[in-house]
């Protein structure tokens, strides 16, 4: 079931991201091209249906140029599949493995970067 309430739109992050990980729970940083700023990335276990669990891509301030990323956590250890939410004509899927107590760092496939 989808929540009918509108989502809060937030601006760029102004500080570090804090992830509550440890034991069998890890985190995930998905780096994306600047063109995907504001896109929502949905996540699921490969064997489960899409439920709408997602985060937004945001600019993450760094010492150099900003990095655009979606940050997920905590995630139970295992395999996950990612897609752009509400993008019916984009069939890109990206798989990643999360290890408990660690942050997986991966990049969106470059050939599917455009909106």
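Just a few scattered comments:
- Along its principal axes, the range 21-61 has C-alpha extents of 30, 26, 12 angstrom, given from the largest down.
- Hull-based mean projected area of the range 25-104, where the convex hull spans the alpha carbons, in square nanometres: 5.5
Read-outs throughout are calculated quantities, based only on the coordinates presented, and are distinct from any laboratory measurement. All values derive from a computational prediction rather than experimental measurement.
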